Amino acid sequence: MRVTADRIGHAFPGQPQLFRDISFVLEPGMYALCGPSGSGKSTLLGILAGWIEPKVGTIRPDGITRMQWVFQNPHGVARRTAIDHVVLPYLADDIERPAAEAQAYTLLERFQLEESAHKLFRDLSGGEAQRLMLARAVAAQPDLLLVDEPTAQLDPQSAGSVVGVLDTLATGGAVVVIATHDERVSAVCSRKLQLGQP
Ligand SMILES: Nc1ncnc2c1ncn2[C@@H]1O[C@H](COP(=O)(O)OP(=O)(O)OP(=O)(O)O)[C@@H](O)[C@H]1O
Ligand SMILES: [Mg+2]
């Protein structure tokens, strides 16, 4: 399982070059994607996801069958409960509802969301909603997980547990790419991809 970027560069139409000549190979592990606001972190995640075609260069995913992208701003279903969001990927994997609910609950616990399991999405705090989107993505058992600023709205303790869960996923064989400004997050990643000025 591997993602290879070969000399990619990107500019949106009518805009200056965002980044150029970036090459890397991602193998299972946790990577920090760093750079100032506007340097192109979210854009590069979009390129890794295959949603944005780079203007120059190529991205080659090898052996990636399941990709999940957790956006910078949480998008859930307002009138659904938190646990519903996490049960769904398990049901989609043909797991029976009672087992799916048990697994979803365990995952909510790992993200310290067990007390919010039955709250509606629209009633969650910003940080809770962000962690729920991560839980949903982890439930889908991706081999490529792209995460955009997962700790921006979290206190240090919650941020630590989020990083712990992502690290477990990476250790289990997934490629995890985290766009982040958070030094504590980049410190635990095995490699740092730097955009723009450090
Ligand atoms: N679809 C688009 N069309 C035109 N310009 C875009 C588009 N998406 C992003 N941009 C511009 O490209 C630049 C990089 O945006 P991007 O969202 O990748 O930055 P970022 O590093 O993720 O920033 P932040 O840390 O604030 O999230 C910005 O100047 C942004 O306005
Ligand atoms: Mg961004």
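Quick look at the values:
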| quantity | calculated |
| --- | --- |
| Residue within segment 36-48 that is within 16 Å of ligand 2 (Cβ to nearest atom) and in a strand (DSSP E or B) present | no |
| Sole residue being of a type in the set (Phe, Trp, Tyr) and within 16 Å of ligand 2 (Cβ to nearest atom), chosen from TYR31, TYR90, TYR105 | TYR31 |
| VAL177 being touching a residue at least 12 places away in the same chain (Cβ under 8 Å), touching a Leu at 6+ places or on another chain (Cβ under 6 Å) and of a type in the set (A, V, I, L, M, F, W, C) | yes |
| Qualifying residue in segment 152-163 (condition: closer than 30 Å to ILE95 by Cα, at pLDDT 95 or above and away from ligand 1 (no atom under 16 Å from the Cβ)) | no |
| Single residue of ASP21, ASP93 found to be surrounded by fewer than 18 Cβ atoms within 10 Å (Cβ to Cβ), of a type in the set (D, E, K, R) and outside the structural domain of MET1 (by TED's automatic domain parsing) | ASP93 |
| Sole residue being in contact with a Cys (Cβ under 9 Å, 6 or more places away or on another chain) and buried (at least 17 other Cβ atoms within 10 Å of the Cβ), chosen from ILE83, ILE178 | ILE178 |
| Lone qualifier among ALA159, ALA104, ALA174, ALA99 - being farther than 17 Å from HIS75 by Cα, among the aliphatic types (A, V, I, L, M) and out of contact with any helix residue (DSSP H, G or I) (no Cβ under 8 Å at 6 or more places or on another chain) | ALA174 |
| Odd one out for VAL185 among (1) surrounded by 17 or more Cβ atoms within 10 Å (Cβ to Cβ); (2) in contact (Cβ under 8 Å) with a residue 40 or more places away in the chain; (3) not in a helix (DSSP H, G or I) | (3) |
| Residue match in segment 92-112 (condition: of a type in the set (Asp, Glu) and closer than 16 Å to VAL162 by Cα) | yes |
| Selection status of GLY50, surrounded by 12 or more Cβ atoms within 10 Å (Cβ to Cβ) and assigned by TED's automatic domain parsing to the domain that holds MET1 | yes |
| Set PRO13, PRO36, PRO28: member being surrounded by fewer than 21 Cβ atoms within 10 Å (Cβ to Cβ), within 9 Å of ligand 1 (Cβ to nearest atom) and in contact (Cβ under 8 Å) with a residue 24 or more places away in the chain | PRO36 |
| Qualifying residue in segment 181-198 (condition: at pLDDT 95 or above and out of contact with any Ser or Thr (no Cβ under 9 Å at 6 or more places or on another chain)) | no |
| Residue match in segment 60-69 (condition: under 23 Å from ALA135 (Cα atoms), within 16 Å of ligand 2 (Cβ to nearest atom) and assigned to a strand (DSSP E or B)) | yes |
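The values are calculated or read from the model by the stated rules, or taken from the named source; none is laboratory data. In this text, all values refer to a predicted model and were calculated from it rather than measured experimentally. Note that each Cβ is placed from the backbone with ideal geometry, even for glycine, and that neighbours are counted across all protein chains shown.
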